[in-house]
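A short worksheet on the structure shown next.
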Amino acid sequence: MNKADSLFILVKSLSKAEKRYFRLLTNLQSGDKAYLALFDLLDGDRPLDEVYALFEEEQQGRSVEMAAKHLYRVLLDCLVKLREKQDVQTEICNRITKAGILFERGLFDDTLDELSKAKQLATDFENDLLLQLIRRTELKYLSACDFEGISEKELVGKQMKINEIMKYSRNINQHLQLYDILKHRLTYKGYARSDKQKEDLNDLVLSELHLIANNSYRGFEAEKLHLLFQATYYLNSGNYKSAIRYYQELINLFEENKHLLLNPPIYYLSALRGILDSLRIAGLYGEMSFFLSKLKEMEQSEYPAEFILSVRTQCYLYESSRLIHTGNFETARKLMADSEESLFKKIPLLGLEDRLKLHLSTAILYLSTGEYAPARKSMKTIFSSGKLYHALPSYKTARLVNLILQAELGNYDFFENEINSIKRNIRYEKQVYTTEKLLFKFVQAYPLPSYEKTRRKMWEQIHKEISKIQQSKYERHLLQTFDFLSWIEHKLTRRPFADILQEKRMEVH
């Protein structure tokens with residue numbers, strides 16, 4: 001990524017408040033402001049190459065490279081100044097800096113006063129890294145003054161405080177490492193769909209339990225990481241009841257300690273996504289409304305534009321999935337149309353997993369309503385991207401959905417090579433999952449029999465296998481994206497797909 005790309009993304013990520021503050025500061029400056037013209041162009045809807053060409057045309061040959069470099073520097077300076085007004089960490093660092101200036105000028109009492117204020121802020125907001133720096137700085141200044149007015153007992157007490165912080169920081173770091181490894185496995189290997197895959201997580205679980213047992217201090221950060229780890233583990237291993245309980249505790253912890261949330265609140269978002277995933281996999285779509293409302297509240301907050309777009313994406317994906325899985329296809333279509341300007345036109349600004357999920361969600365909606373041409377177009381967007389999405393778990397699901405789509409389109413020659421390719425990709429797991437195996441068998445039966453009696457007989461045979469799959473907690477992870485089993489029932493019984501989905505929802509309640 002070059003500086004032009006970085007500048008483009010930086011401008012697009014600005015919130016309304018940040019843009020207002022930028023314009024306020026730049027209005028106070030004198031001199032040439034060609035960079036402001038570039039900012040206005042970047043703030044529109046034009047692509048980057050068109051912006052630069054238009055700038056040179058309007059500014060009569062002025063260097064776009066120089067304007068871009070200056071704008072990038074001014075924007076960063078502006079965001080730093082704004083952060084000073086909003087971020088507690090910046091305020092703490094500023095007080096440490098002030099203490100250093102005062103110490104250099106011999107104002108020792110004022111120095112300790114600034115450090116005391118910084119220490120209180122770091123304690124209140126549980127910033128152990130800065131708290132350790134403050135206490136070390138305090139000892140350095142005391143040592144430079146030959147520990148005037150400090151007894152040996154007080155000195156040892158201050159040293160022990162540093163040791164306690166270091167021990168706590170080490171424990172937090174180890175906990176964070178375990179959670180990051182768990183999250184990485186979940187992101188790139190997908191949910192556990194067998195007992196063996198669940199057992200592969202045992203090393204992380206035992207390490208986490210050992211940390212908890214040997215940690216005497218349970219502050220917000222430690223409790224947050226413990227609940228986040230446990231909730232993620234239970235969601236991954238198919239214990240949705242326990243996952244929901246831990247996620248609920250985590251959300252309550254955040255609600256009680258709002259001043260300790262990061263800006264943007266990435267862990268709070270992770271907790272909301274976790275509980276929504278748990279409810280969706282368990283088929284409790286009616287319980288999702290409250291937590292979706294929490295997501296939408298975040299969308300209205302003054303966070304960076306990139307984070308807001310990510311939250312908006314999650315809101316759409318969960319709401320669309322809920323509507324599709326309950327057979328409300330027309331409402332889902334309206335939601336998609338209403339999200340065209342605010343979301344779909346901004347897909348290039350999203351991360352890979354979110355991009356893939358949006359394209360897949362669109363394809364599934366069109367497939368569900370029998371509109372195969374636009375469904376194929378969405379699938380083509382995924383599969384024409386080279387290896388861009390190959391490492392993501394949703395890509396595996398996209399290939400399975402594509403099998404059904406190609407069957408409906410009559411591309412029967414496509415099946416054999418694609419099925420063999422999918423089998424090779426999951427062979428390292430030493431099994432072909434039950435849902436995939438049934439799906440392979442189903443699409444290879446295309447074209448489906450035209451006689452009702454033949455179809456009915458085929459359905460009776462497959463129905464037994466579907467009943468077994470529905471009893472497996474591991475198979476639910478795959479079915480949360482698209483209900484392959486209901487689709488098979490729809491095609492063999494010729495009952496409306498929406499009716500079958502709605503009946504299943506009633507069975508859950």
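Every number here is computed from the coordinates shown, using simple stated rules; none is lab data. Note that this is a predicted model, so its numbers are computed, not measured. Cβ: placed from backbone, ideal geometry, glycine included. Neighbour counts: every protein chain shown.
Quick notes on this one:
- Taking N as the residue count of the stretch 317-426, its C-alpha radius of gyration divided by 2.2 N^0.38 Å amounts to 1.08.
- CD proxy at 222 nm, helix term only [per DSSP H run n ≥ 4: -39500 (n - 2.57); per residue of the chain; nearest 500]: -24000 deg cm²/dmol
- Computing Rg and the Kirkwood Rh from the Cα coordinates of the stretch 3-86 gives a ratio, Rg/Rh, of 0.95.
- Each label was represented as a point 7 Å from its Cα along the Cα-to-Cβ direction; for residue 416 and residue 184 these points are 4.1 nm apart.
- Taking semi-axes √(5λ) of the Cα gyration tensor in Å as calculated from this structure, the corresponding entry among (1) 43, 26, 20; (2) 46, 30, 19; (3) 51, 33, 18 is (3).
- Sequence-ordered 3J(HN,Hα) estimates for the stretch 255-269 from the Karplus curve with 6.51, -1.76 and 1.60 and θ = phi - 60° stand at 5, 7, 10, 4, 5, 9, 5, 5, 10, x, x, 5, 6, 5, 4 Hz, glycine and proline given as x.
- Taking the square roots of five times each eigenvalue of the Cα gyration tensor of the stretch 358-509, the equivalent ellipsoid has semi-axes of 23, 18, 17 Å, listed largest first.
- For the stretch 106-165, fraction of C-alpha pairs farther apart than 12 Å, in %: 68
- Between residue 296 and residue 24, the distance separating the two model label sites (each 7 Å from Cα on the Cα→Cβ line) works out to 3.0 nm.
- A simple count of charges around residue 134, restricted to other residues whose Cβ falls under 15 Å of its Cβ and scoring Lys, Arg +1 and Asp, Glu -1, yields +1.
- Phi angles of the stretch 273-281 translate, via the Karplus equation with coefficients 6.51, -1.76, 1.60 and θ = phi - 60°, into HN-Hα couplings of 5, x, 6, 5, 4, 4, 5, 5, 5 Hz per residue; Gly and Pro are given as x.
- Among 359, 184, a tally of other beta-carbon atoms within 10 Å of each Cβ gives an order, fewest to most, of 184, 359.
- On Cα atoms only, tilt of 88-104 relative to the major axis of the chain in degrees: 20
- Within the stretch 60-217: Cβ-based charge dipole about Cα centre, in debye rounded to nearest 20 (Lys, Arg +1; Asp, Glu -1): 700
- Only one residue of 147, 490, 344 has its Cα farthest out toward the positive end of the dipole of the chain, where Lys and Arg carry +1 and Asp and Glu -1 on Cβ, and that residue is 490.
- Since only 305, 471, 226 are under comparison, the one whose Cα sits farthest along the positive direction of the charge dipole of the chain, derived from C-beta charges on Lys, Arg, Asp and Glu, is 471.
- Relative to the longest principal axis of the Cα atoms of the chain, the long axis of helix 393-409 makes an angle of roughly 30 degrees.
- Among 469, 9, the ranking by other beta carbons within 10 Å of each residue's beta carbon, starting with the fewest, stands as 9, 469.
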